[in-house]
1. In whole Å, how far is the Cα centre of segment 353-380 from that of segment 168-222?
2. Just to confirm my numbers, what's the Cα centroid distance between segment 308-351 and segment 133-157 in Å?
3. Considering only 141, 187, 41, give the residue with the highest GNM mean-square fluctuation for the chain, with springs between Cα atoms whenever their separation is below 10 Å.
4. Just grab the label-to-label distance for residue 38 and residue 18, each label 7 Å out from Cα along the Cβ direction, in nm (one decimal).
5. Have a look at 87, 158, 55 and tell me which one the Gaussian network model of the chain (Cα, springs below 10 Å) gives the largest fluctuation.
6. Please state, as a whole number in µm²/s, the translational diffusion coefficient that the Stokes-Einstein equation yields for the chain at 37 °C and 0.692 mPa s, with Rh defined as the Kirkwood radius across alpha carbon pairs.
7. Greater than 28 Å separation of Cα atoms is the criterion. Which listed pairs, 345/370; 196/309; 196/370, meet it?
8. With each run of n ≥ 4 DSSP H residues scored as -39500 (n - 2.57), what mean residue ellipticity at 222 nm is computed for the chain after dividing by its residue count and rounding to the nearest 500 deg cm²/dmol?
Amino acid sequence: MSAQSLADAAPRPLSPTRIIALAGLTLALGYAVVLIGAFAGGEFLLDPQGRGIANDFVNVWAAGALTLDGHPAAAYDWTLHKAAEVNAVGHDFANNYGWHYPPTFLFAAASLALIPYAAAGALWLVVTLIPYLAAMRAIIGTRAGILFALGWPAALWNVTAGQNGFLTAALIGGTLAAMERHPTLAGVCLGLLTYKPHFGLLFPLVLAVSGRWRVIGVASAVALALAAASWLAFSGASWQAFISGMGTTGEIVLGEGRADLYRLQSLFGFVRAHGGSETLAWSAQISLAMLLAIALCWLWRSRADFEIKAAALSAAALAATPYLYIYDLVVLAVPAAFLIRLGLKRGFLASEVFGLTAAAVLLLSYPYAKTHVGLAAIVLVLTLIAKRARPALA
């Protein structure tokens, strides 16, 4: 055999895109095995008696059921809402999954409550998974983005909780993926993000300093239209109940820490869980949010690549809020995807390969590490972004 034939027959190294796809596929298949095993063992969707399992999704279905019964404002009453949750699963349970969303989200809740609880939970995950995968595919620019999204560890915790991390990531990722070429679509995504307004706090500031007025205009129009529609559909009483209930929610979750401060993956949660006072925690969280806002304004006015700007904004949106749980960390896949896109274009830094892998491992370790692994993963990704941004800001 000639030297040329030997060279042709030698295995060729995998491309970065192929490595990303294979890693994502391997993790996703592992998650599928875990979920199938949990379902078979009565620990996912249905318990061993065939009854619905009460997880975070029960608050959505219960709020929807109350809305369909003609009592949307009752979703914000902890006692009435808990009774609806018990009715949803057909048995009592210890936890209380409060309804903290604005009335605009009652449209989705009421739609889901039209079908049985367990089926609605499965449908919710599938329906929100699709735009999440589409957004990640659009960011990375290849089908590897889909497998990367499926393999991102926080996706597993979002599924097991029956939460809305897929939807939040889809809207933040969609806003940033569409911003350069399709500002109207970006505005629609950002307007829909008002169902979880604490994740959009930094967007208006950044969009204003970068002169993206169409995105701001469309987002404002969508948000106002949703608010008006919900006011007409569910009455002003639902909005009044939502606003008056915000203080109670803040006191229970942030002040008293009844939802377990170690589960709160924010700087606020970290300070409180390690003995800091509520005043100290708020001071640290607000200071961080202000520093991030200043840094983002500087970055978005610079000549840095859009991938760096988008990664910084999506990661900072997580770091800036005190109300953050592990399922919300699906959103961290968005800045990771923008770093991957830049790496595919210009080559990866060694620190990026290590840092993104470490962030994924941290998220995957969540059930086994009683500490703020989500916050650590955010800090890691922000550090990688800062390293990429440094030449443009020098």
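1. Each part's Cα centre sits 27 Å from the other's.
2. Their Cα centres are 12 Å away from one another.
3. 41
4. 3.3
5. Fluctuation is largest for 87.
6. The estimated diffusion coefficient comes to 149 µm²/s.
7. 345/370
8. The helix-only estimate for the chain comes to -22000 deg cm²/dmol at 222 nm.
A short reminder: the numbers here are calculations on the coordinates, not readings from a lab. Small disclaimer: the values here were computed from a predicted structure and weren't measured. Cβ sites come from the backbone with ideal geometry, for glycine too, and all protein chains shown count toward neighbours.
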